[in-house]
Each structure stands twice: as structure tokens, then as C-alpha cells.
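> Supplied in C-alpha cells, the structure appears directly below.
The values are calculated or read from the model by the stated rules, or taken from the named source; none is laboratory data. Just so it is clear, the structure is predicted and the values come from calculations on it, not from any experiment. Don't worry about glycine lacking a Cβ; one is built from the backbone with ideal geometry, like all the others, and counts go over all protein chains shown.
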Ligand SMILES: *Cc1c(COP(=O)(O)O)cnc(C)c1O
């Protein structure tokens with residue numbers, strides 16, 4: 001479900017024409033729909049209605065402050081994976097009591113920041129990390145509430161690069177070592193083990209692998225309780241898939257929630273969820289302009305003004321994004337096969353191969369659909385291209401929520417050594 005539709009032959013985000021945004025802000029530009037973000041947050045909240053549940057939006061999917069503030073107003077908490085994301089969540093007004101801190105490589109400085117703010121929970125991923133967190137918390141006279149992220153050895157996720165819960169992935173503590181780690185943690189000062197955490201992957205399109213993983217976690221919660229640990233929380237991570245293509249059919253949030261309701265029935269735990277993509281993915285598009293066409297005997301290239309530095313998912317995960325012209329084209333028009341590529345000097349700077357599109361001319365604008373998650377957050381200034389701009393739409397209003405930097409700003413962090421000046 002999203003709020004990007006043709007109206008009078010022009011693609012709109014809610015009540016704003018995307019052409020109008022491109023005219024004013026230039027391309028490439030990301031455009032996010034507030035109504036879609038809110039709707040997704042509400043659908044998930046309603047699916048878990050009546051359960052003791054914290055919906056901690058995964059900031060890494062899209063950490064723009066405009067997006068975070070929109071979700072904060074819906075009551076979302078945050079799942080963060082760095083001190084920077086923690087600060088973003090706090091600046092956006094998300095209370096520390098609704099923030100969980102995940103990630104395999106937290107530094108001492110990040111731990112201190114999170115302890116000072118008294119966040120809800122640390123998800124720890126190794127014995128070594130537990131020991132460091134214990135030391136940091138003791139030095140500050142604090143107690144860190146923690147969950148251990150376990151690796152349930154379940155394969156899931158839309159691409160090998162986004163599967164995280166299989167034995168051999170770098171994430172989590174191996175299933176068989178979990179109980180020993182909880183015993184070790186019980187001996188450490190400054191730590192209070194309150195939960196068990198799992199996150200098995202992203203763009204998961206089936207309920208079964210998630211259910212398998214969560215049932216394993218329930219078993220572990222019961223065993224840990226028998227061993228005297230007061231486990232009151234289960235963090236089930238994120239990972240629910242979204243439709244990138246019309247034929248994609250990921251489980252609806254209600255089905256996901258019902259499975260979790262059943263799995264945790266009678267356990268008496270607070271359930272923490274870390275949805276990212278399912279909230280932000282279909283709430284954003286990236287607008288680009290066609291620069292050139294370059295027919296060759298083998299391939300028919302369409303060169304656009306966005307590069308892999310602006311939208312990395314196709315290069316990183318061979319991801320598919322639907323591409324729609326901003327000006328609606330009749331279904332009767334012939335489709336032409338294009339390799340859609342960017343201007344970056346890398347062969348992986350390719351968005352689509354042999355994609356059927358209506359004939360595109362230089363100056364035509366295109367929307368890359370479903371680009372709201374893992375889009376602008378992964379952008380860079382590679383090839384000395386300015387960071388892509390971001391716009392937030394709400395009804396008939398829009399605002400630039402990240403402007404394109406000027407060249408002077410792009411080089412402002414660099415200094416010339418005295419021997420070169
Ligand atoms: C990336 C991530 C998420 C969010 O995943 P989505 O697929 O975007 O829902 C949640 N939790 C953790 C620990 C993550 O690394």
C-alpha cells in the first residue's frame with residue numbers, strides 16, 4: 001500500500017506532482033510519503049493491538065529526521081545500530097525508554113552514550129561484548145538491560161547478503177552457546193539479562209522461517225527461566241518483506257502478528273519488533289532524469305542522472321525496482337528493452353537489465369519505486385557527486401528534508417597539509 005499514483009497523467013506523491021518537486025529541487029531526489037509512513041506504522045500497531053509490544057522502527061532503513069519525526073508522532077520507538085543513529089532517534093524526539101541498540105560492533109563510547117541516556121535495551125552479540133558492556137556500565141555506576149541476540153540457524157531473507165540467522169553468519173551467538181553465555185552474564189556486574197533477541201534476515205517473504213526461529217526462542221526463554229534468569233522480553237527483530245514487484249506476495253502484517261501472538265501466547269513477555277523496510281520501503285521513490293540513450297548492437301543503454309552512489313540496492317543486492325515514467329504512457333504504446341545505467345565509472349552502476357519501458361527520451365523523468373528503505377541512507381558522494389536530496393510530502397505540502405550540498409560543503413571537511421599549501 002502506498003500513496004504514489006497517476007493523476008491527470010502525472011505521477012503524484014499524495015497530492016503533490018513529482019514533476020513539480022523535480023522542477024523545484026532538481027534530480028536525483030528521493031520523495032517520501034508521510035501518509036504511507038503513518039499508514040504502515042498504524043497497520044503494524046493495530047496488528048499487535050492488545051499485546052505488550054514495543055515497535056522499534058529500524059533507523060538504518062531510513063534515518064532521515066523528517067521520517068523519524070513522522071514515526072515518533074505515531075508512537076514508534078527505534079532500533080539503532082550506532083551512536084549516530086541513537087542520536088538521530090533522540091533528536092527526532094523518540095524517548096530513550098523506547099530505544100533498543102543492536103549491532104555486532106558497539107564501541108565503548110557508544111555504550112557510554114546509550115547508558116547515559118538509559119535506553120530500553122542493549123542487544124548484545126558476543127561474550128566479549130558483554131564483558132566490555134559490563135565494565136563500561138560498572139564504571140558509570142549503571143546497570144545495562146540486555147538481551148542476547150541468538151543465531152537460531154534458520155535460513156531466511158530475500159538475498160544471501162541479507163540473511164543473518166544462519167549458522168556461519170556473523171550475527172548473534174550460536175544457538176548452542178546461548179545458555180552458557182546467560183550463565184556467564186549472570187556473574188557479571190552492571191548487566192541485567194532481561195530478554196532474548198533474534199533477527200534472522202531481511203525481505204523475508206514467508207512466515208515459516210520466522211515462526212521456526214521464534215519457536216526456538218520461546219524454548220530458550222523457558223529454559224533460561226528454569227535456570228533462574230528473569231526473562232521478561234522477547235525481541236523478534238525485523239525482516240518482514242515488501243512487494244517490490246506486482247507479483248510479490250509477502251505475508252501481510254496481520255498474518256505475521258497472529259503468528260507472533262500464537263507463538264508467545266501465555267509466555268508473559270514484552271514483545272519487541274524492529275520493522276524497517278516494511279514501514280519505509282514503499283513510502284519512498286527516487287526521481288531521476290534520462291540523460292542519453294545509447295543503442296549498441298548488444299545492449300540498448302538508457303543513461304540516467306542517478307548513480308549507484310544514490311541508490312545502491314541494485315548493485316549491492318541485485319535488487320529490483322519498478323521504474324515508472326512521471327508522465328503516464330498509454331498501455332498501448334510499444335515497450336522497448338533498456339539497460340538502465342548511471343553515470344558512475346563502475347560496471348556495477350546498473351539499475352536494470354533488459355527492462356521493458358516505453359520509449360524514453362533525454363529529459364524524461366522516471367521514478368524508481370519502493371526506494372524508501374536502504375535508499376538514501378546508503379548514498380555516498382562517490383565520483384564527487386553531491387549527496388542526493390530528500391523531500392517529504394504530507395498531503396498537498398512538501399519540504400526538502402535533506403538538501404543537496406554545495407560543492408564547497410562537500411570539500412569543507414578536507415584540509416590541505418602545510419607541505420602542499
Ligand atoms: C536491519 C535490521 C532490522 C530491520 O530489518 P528490515 O528488514 O528493514 O525490517 C531490524 N533489526 C536488526 C538487528 C537489523 O539489523
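> Among the residues of region 353-371, is any surrounded by 15 or more Cβ atoms within 10 Å (Cβ to Cβ), within 16 Å of the ligand (Cβ to nearest atom) and assigned to a loop (DSSP other than H, G, I, E, B)? If you could, list the steps in order and put the result at the bottom.
First pass over region 353-371, keeping only residues surrounded by 15 or more Cβ atoms within 10 Å (Cβ to Cβ): 355, 357-358, 360, 364-371.
Filter again for within 16 Å of the ligand (Cβ to nearest atom), leaving 370-371.
Retained after the next criterion (residues that are assigned to a loop (DSSP other than H, G, I, E, B)): 370-371.
There is at least one residue in region 353-371 that is surrounded by 15 or more Cβ atoms within 10 Å (Cβ to Cβ), within 16 Å of the ligand (Cβ to nearest atom) and assigned to a loop (DSSP other than H, G, I, E, B).
> Which pairs do you get when a residue that is at positive phi, found in region 219-245, comes within reach of a residue that is surrounded by fewer than 21 Cβ atoms within 10 Å (Cβ to Cβ), reach meaning Cβ atoms under 8 angstrom, with the pair 6+ apart or on two chains?
228/186
> Going by the conditions given, is residue 213 within 16 Å of the ligand (Cβ to nearest atom) and not in a loop (DSSP other than H, G, I, E, B)? Steps first, please.
Values: within 16 Å of the ligand (Cβ to nearest atom): yes; not in a loop (DSSP other than H, G, I, E, B): yes.
It is true that residue 213 is within 16 Å of the ligand (Cβ to nearest atom) and not in a loop (DSSP other than H, G, I, E, B).
> Any residue at all in region 162-174 that's more than 16 Å from the ligand (Cβ to nearest atom), more than 18 Å from residue 273 (Cβ to Cβ) and in contact with a strand residue (DSSP E or B) (Cβ under 6 Å, 6 or more places away or on another chain)?
Within region 162-174 (the criterion being more than 16 Å from the ligand (Cβ to nearest atom), more than 18 Å from residue 273 (Cβ to Cβ) and in contact with a strand residue (DSSP E or B) (Cβ under 6 Å, 6 or more places away or on another chain)), the answer is yes, since at least one residue qualifies.
> Return the residues of region 44-65 that are closer than 25 Å to residue 30 by Cβ and either within 11 Å of the ligand (Cβ to nearest atom) or crowded, with 21+ Cβ neighbours inside 10 Å (or both); say none if nothing qualifies.
Passing the criteria: 44, 55, 56, 57, 58, 59, 60, 61, 62, 63, 64.
> Find the strands (runs of 3 or more DSSP E) located wholly in region 218-304 whose residues include 2 or more that are away from the ligand (no atom under 15 Å from the Cβ), modelled with pLDDT of 95 or more and touching a helix residue (DSSP H, G or I) at 6+ places or on another chain (Cβ under 8 Å), and list them.
Answer list for region 218-304: 284-295.
> Same structure again: May I ask you to say which residue of 78, 92 is farther than 24 Å from residue 148 by Cβ and at pLDDT 95 or above?
92
> Condition test on residue 385, is it surrounded by 20 or more Cβ atoms within 10 Å (Cβ to Cβ) and under 24 Å from the mean Cα position of the chain (by Cα)?
Against the criterion (surrounded by 20 or more Cβ atoms within 10 Å (Cβ to Cβ) and under 24 Å from the mean Cα position of the chain (by Cα)), residue 385 qualifies.
> Same structure, new question: Being away from the ligand (no atom under 16 Å from the Cβ), more than 26 Å from the chain's Cα centre (by Cα) and surrounded by fewer than 23 Cβ atoms within 10 Å (Cβ to Cβ): is that true of residue 344 here?
Taking the combined requirement at face value, the residue does not satisfy it.
> Oh, and also: Taking the stated definitions as given, is residue 317 within 24 Å of the chain's Cα centre (by Cα), assigned by TED's automatic domain parsing to the domain that holds residue 369 and touching a residue at least 40 places away in the same chain (Cβ under 8 Å)?
yes
> Could you tell me which residue of region 311-334 is nearest to residue 355 (Cα to Cα), considering only residues that are in contact with a strand residue (DSSP E or B) (Cβ under 7 Å, 6 or more places away or on another chain) and either at pLDDT below 95 or part of a loop (DSSP other than H, G, I, E, B) (or both)?
321
One line per residue, one yes/no per condition, for (1) outside the structural domain of residue 383 (by TED's automatic domain parsing); (2) without any contact (Cβ under 8 Å) to a residue 60 or more places away in the chain:
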position: 257; (1), (2): yes, no
position: 260; (1), (2): yes, no
position: 263; (1), (2): yes, yes
position: 267; (1), (2): yes, yes
position: 285; (1), (2): no, no
position: 288; (1), (2): no, no
position: 303; (1), (2): no, yes
position: 312; (1), (2): no, no
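> Restricting attention to helices (runs of 4 or more DSSP H) lying wholly within region 1-84, give those where 2 or more residues are in contact with a helix residue (DSSP H, G or I) (Cβ under 7 Å, 6 or more places away or on another chain) and farther than 26 Å from residue 252 by Cα.
Counting at least 2 such residues, we get no helices (runs of 4 or more DSSP H) at all.
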